[in-house]
Amino acid sequence: MDFTDEQKKVIDSRNKNLIVSAAAGSGKTAVLTERIVNKICEDESLSIDRMLIVTFTNAAAREMRDRIGRKLRARLSDDPDNAHLRKQIAILHTAQITTIDSFCLYILKNHFEEIGVDPAFAIGSEGEIKQISDDAFDEALEKEFEKGDTEFLNLVEMYAPKGKFKKFYELVTGIANKVDSSAYPYDTLQNFIVEDAGNIWEMPFVKYTKEYEDEYLKEAIDLYKKVMDMAEGSYLVKHVDEAKDAISFIEGLLDGNYRKRFTAFNTYERPKLQYGKRNNTPEENELKANADAAVKKARAIFDKVKNKFKEVSETDFEESAKEGFVVTNSLVRFVAFYMHTFEDKKRDKGIISFSDMEHMALEILVNKEGDKLTPTQTALRYREFFNEVMIDEYQDSNDVQETILSAVSKDEELIGDRFMVGDIKQSIYGFRLAKPEIFKGKCIEYSKEGERDERINLTNNFRSRKEVIDAVNHVFERLMKESVGGVEYDKDERLNFGKTDYPKSSADNTAELIYFNKDEFGEAEKYKELSKDEIEAAIVAGRIKDMLDAKTEVFDTKSEKMRVMKCSDVAILLRSMTNGRDVIFQKALKNVGLQGYVISKAGYYSAWEVQLILSFLSIIDNPRQDMPLLGVMHSFIGNFDEEEIAKIR
């Protein structure tokens, strides 16, 4: 494989922390594998079992192990007398090429006695953990009721009126799961306890509210700046002056205290200005339309924040906040009590969850005294043992995982000699409480030519044709902004075309967007009785059929030659499989004579074919069941059409 200069830098970098921002299709797995094998081959004191290589899934870990094995065997075939390579191949199966959960389990099994854990523990199933959680909540609730604390009773009345505890349970467990992703959950909870209301403007929730509004208002500033760029020097002086005035006003709020916003927003008025001299040309009309659209969007953001301050006075806000902190304190304390009860019940049953595993591993590896974290003797031994800690999909790490991996890395300040690779644009596990800010922070902190900490960007995409990359860039340059997705889609983040040797194709490879309105669709008669999803599926199936009939050529990555496309070259990606969309698309494909393979969460028994056979078995058992009978009659088994079924009915 011919590596690019950036890829070679990643492979050859030594003796420093390295973070690699690797875009989709940039060859990061190949680069990571080459780096590992090169390090082993160039230094016989290094060994594969002395590296900790953390991947995101078990499948990724297996693939990494296989790739390393293939490369080592290829090197050995070139140098068959190399005893060091023979040894590496022999011990590859013992190497710590693993997921973070598996590594934590390894730590726990080898050091359980250090934190007093019963070695006979079992990892609970999802159902077991849920049952224990329910029992813990009920027990915690009962004990709090026995105390009869007024603040707690008010909390319950607020969130569980008339004894309806489902929403309250979801609130409590939701908060518990959220803080569980932090390294020290109880400390995180304690941060939200307000012992004395005092100056409510310094309370945590006020600060968080301000930060949230600040991000929102910064988006308005960005829009107004675009308006100024568009309209500066034109007849749209009104737009320019409004933008300047709004930017100045918002920037004054961003640096000030939250309290002054109540007065500032309620006294602010947009400048009443006139347009300049207009020539009424098509260019000016287009300019005005674009500027108007940007101003409208900026005003909507600005007014949404402004209107909030019209609804409540400063005094009302203070009184509400003072009452609110009492409720918040009570809620946070109950969450902590529930969490302790939950832990005790799991310990009693000898069961742990994956989250427990991480926190127990953390306890084994890190000493905490106040805010100071230091590695334990166990962690120091692992630091001596591991030559390098390599982390894949780093953008989906959380605080617990980050602290664990830091503890077994070599640096005394818990930041470690590590290799980290990821892509913040591909962080999709926020719902699992991943914290992409960790990755982003290191990308900002590490310089491109750092002596101790270095950042390397891999932005070339070798997986896709130029037409695909251009389409992706066209969309995300407009959508992905710092204020919205936490990352600016700039030259360091955009995809660059890497595989320049794609052979020319007879097909038109331009990316398509097919728009349809159900009521105005071209072949309205054909699709009249179909739902929106069914029309979409029919269009997609028809488009695939057209390409197959035209014998469209595709590039085969194995033979590296062009060939006629097959059904298996096509993937249909749906946002979700809910509401039977998978079945709708499968039927649409069958209607045009194509077979589709569906990966569905609905399960085996929800498949149309299985449902048909189950219906057949049902009416053999009892033919007086209308719905199963109808299904079988209308299928290829009965071959009745709608008119015949109607007559029989």
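In segment 554-630, what percent of the accessible surface is made up of carbon and sulfur (1.4 Å probe, ligands and nucleic acids excluded)? Mind showing how you got there, number by number?
Details: 3380 of 5960 Å².
For segment 554-630, the apolar C and S fraction of the accessible surface comes to 57 percent.
Bridging of Lys306 to lysines at a Cα separation below 17 Å is possible for Lys210, Lys218, Lys260, Lys296, Lys297, once same-chain residues fewer than 8 apart are set aside.
Can you give me the Kirkwood hydrodynamic radius for segment 310-449, using every pair of distinct Cα atoms, in Å to one decimal?
Details: mean 1/r = 0.0545 Å⁻¹.
That comes to 18.3 Å for segment 310-449.
Taking amide H positions as modeled 1.01 Å from N, with prolines and chain starts lacking one, the residues under 5 Å from Phe497 and 5 or more places away or on another chain are Asn461. Counting only aspartates and glutamates at least 8 places from Lys167 when in the same chain, those with an alpha carbon closer than 19 Å to its own are Asp134, Asp135, Asp138, Glu139, Glu142, Glu144, Glu151, Glu157. Whole-Hz Karplus values for segment 432-438 come out as 9, 6, 5, 10, x, 4, 5 Hz, taken residue by residue from phi with 6.51 cos²θ - 1.76 cosθ + 1.60 and θ = phi - 60°; glycine and proline positions read x.
Measure off, as a whole percent, the carbon and sulfur share of the 1.4 Å-probe accessible area of segment 165-283, all protein chains present. Kindly include the intermediate steps, with their values, before the conclusion.
Numbers: 3480 of 6800 Å².
The C+S portion of the solvent-accessible surface of segment 165-283 is 51 percent.
Length, then width, then depth: along the principal axes, the Cα atoms of segment 1-40 run 26, 21, 16 Å.
Within segment 609-649, list the chymotrypsin sites (Phe, Trp or Tyr not before Pro) lying in a DSSP loop whose Cβ has at most 14 other Cβ atoms in a 10 Å radius.
Details: sites: Phe616, Phe636, Phe640; in loops: Phe636, Phe640.
Answer in residue order: Phe636.
For segment 195-309, build the convex hull from the C-alpha positions and give me its volume per residue in Å³. Let's see the in-between values first.
Numbers: hull volume 10.1 nm³, N = 115.
Per residue, the Cα convex hull of segment 195-309 comes to 88 Å³.
Note on Lys143 and Asp508: their simple-model spin labels are 7.0 nm apart, each label 7 Å out from Cα toward Cβ. Counting only protein heavy atoms and a 1.4 Å probe, segment 569-649 has 78 square angstrom of accessible area per residue.
A cut-off under 10 angstrom between Cβ atoms defines the neighbours of Ile438, and their net charge, with Lys, Arg +1 and Asp, Glu -1, is -1.
So for segment 92-166, Kirkwood radius off the Cα pairs, Stokes-Einstein at 37 °C and 0.692 mPa s: how many µm² s⁻¹? All intermediate terms of the calculation are to be shown ahead of the outcome.
Values: Rh = 16.4 Å.
This corresponds to a translational diffusion coefficient of 201 µm²/s.
Over all Cα atoms in segment 240-362, the spread is summed up by Rg and Dmax: 26.0, 82 Å. Accessible-area rank, largest first, for Cys41, Cys443: Cys41, Cys443, with all protein chains present and a 1.4 angstrom probe.
Amide H to amide H, with H built 1.01 Å from N, Phe165 comes under 5 Å of no residue 5 or more places away or on another chain. Take segment 282-437 with all the other protein chains still there, run a 1.4 Å probe, and you get 48 Å² of accessible area per residue. Evaluated over segment 400-505, the count of Lys pairs having alpha-carbon atoms less than 24 Å apart is 28 (only pairs 8 or more residues apart or interchain).
With the cut-off at 14 Å, report for segment 603-649 the share of all Cα pairs above it, as a whole percent.
Numbers: 529 of 1081 pairs.
When every Cα pair of segment 603-649 is considered, 49 percent fall beyond 14 Å.
For the chain, adding -39500 (n - 2.57) for each run of n ≥ 4 DSSP H residues and dividing by the number of residues yields -18000 deg cm²/dmol at 222 nm.
Once neighbouring chains are kept in place and the probe is 1.4 Å, which whole percent of the accessible area of segment 39-87 is contributed by carbon and sulfur? Carbon-and-sulfur percentage of accessible area, whole number: 43.
Quick check for segment 551-649: number of Lys pairs with alpha-carbon distance under 19 Å, counting only pairs 8 or more apart or on different chains? Intermediate results must be reported in sequence, preceding the final value.
Working: Lys551/Lys561; Lys551/Lys566; Lys558/Lys566; Lys566/Lys587; Lys566/Lys590; Lys587/Lys601.
Lysine pairs satisfying the spacing and distance rule in segment 551-649 number 6.
Need one word for segment 1-106: rounded, prolate or oblate. Basis is the Cα gyration tensor (sqrt eigenvalues a ≥ b ≥ c); a/c below 1.5 gives rounded, then a/b vs b/c decides. Taking the square roots of the gyration eigenvalues as a ≥ b ≥ c, segment 1-106 is oblate. With a ≥ b ≥ c taken as the square roots of the eigenvalues of the C-alpha gyration tensor of the chain, please select rounded if a/c is under 1.5 and otherwise prolate if a/b is larger than b/c or oblate if it is not? Here the chain falls in the rounded category. Annotation: amide H of Thr99 within the under-5 Å range of Thr55, sequence separation 5 or more or interchain, hydrogens built in the peptide plane. Just so you know, the averaged projected area of the alpha carbon convex hull for segment 291-376 sits at 11.8 nm².
Hand me the GluC sites (Glu not before Pro) from segment 217-291 located in a DSSP loop with no more than 14 other Cβ atoms within 10 Å, in residue order please. Passing sites in segment 217-291 are Glu232, Glu269.
Could you please report the charge total around Phe337, scoring K, R as +1 and D, E as -1 over all other residues with beta-carbon less than 12 angstrom from its beta-carbon? All intermediate terms of the calculation are to be shown ahead of the outcome.
Working: positive: Lys143, Lys147, Arg333; negative: Glu139, Glu142, Glu144, Asp149, Glu343, Asp344.
So the surrounding residues net to -3.
For segment 168-181, backbone phi angles converted through the Karplus equation (6.51, -1.76, 1.60; θ = phi - 60°) give residue-by-residue couplings of 5, 4, 5, 5, 5, 5, x, 5, 4, 5, 5, 6, 5, 7 Hz, Gly and Pro being listed as x. Accessible area ranking (1.4 Å probe, heavy atoms, ligands and nucleic acids excluded), largest first, for Ile404, Ile599, Ile637: Ile599, Ile637, Ile404. Accessible area per residue for segment 111-178, computed on protein heavy atoms with a 1.4 Å probe, is 64 Å². In order along segment 71-87, the Karplus-derived 3J(HN,Hα) couplings, from 6.51 cos²θ - 1.76 cosθ + 1.60 at θ = phi - 60°, round to 5, 5, 5, 5, 5, 5, 5, 7, 9, x, 8, 7, 5, 4, 5, 4, 5 Hz, and Gly and Pro are given as x.
Each of Thr500, Thr281, Thr33 has its accessible area taken with a 1.4 Å probe; listed largest first, they run Thr500, Thr281, Thr33.
Tyr106 to Ala74: FRET efficiency via 1/(1 + (r/R0)^6), r the Cβ-Cβ distance, R0 25 Å, to the nearest 0.05? Walk me through the numbers before you get to the answer.
Values: r = 29 Å, r/R0 = 1.17.
Rounded to the nearest 0.05, the efficiency is 0.30.
Under 1.5 on a/c is rounded, so check that first for segment 419-501, then, if it is not, pick prolate when a/b is larger than b/c and oblate when it is not; a ≥ b ≥ c are the square roots of the alpha carbon gyration tensor eigenvalues.
oblate
In terms of packing, defined here as the mean over residues of other Cβ atoms within 10 angstrom, the peptides 290-300, 325-335, 137-147 line up highest first as 325-335, 290-300, 137-147. The Cα center of segment 204-221 and the Cα center of segment 316-368 differ in position by 27 Å. Here is the list for segment 468-498: trypsin sites (Lys or Arg not before Pro) lying in DSSP coil, each with at most 10 other C-beta atoms within 10 angstrom of its C-beta, are Lys491.
The values are calculated or read from the model by the stated rules, or taken from the named source; none is laboratory data. This one's a predicted model, so the numbers in the text were calculated from it and none came from an experiment. Neighbour counts run over all protein chains shown; Cβ positions are idealised from the backbone, glycine included. Accessible surface areas use protein heavy atoms only, side chains included; no ligands, DNA or RNA. Shrake-Rupley method; radii C 1.70, N 1.55, O 1.52, S 1.80 Å.
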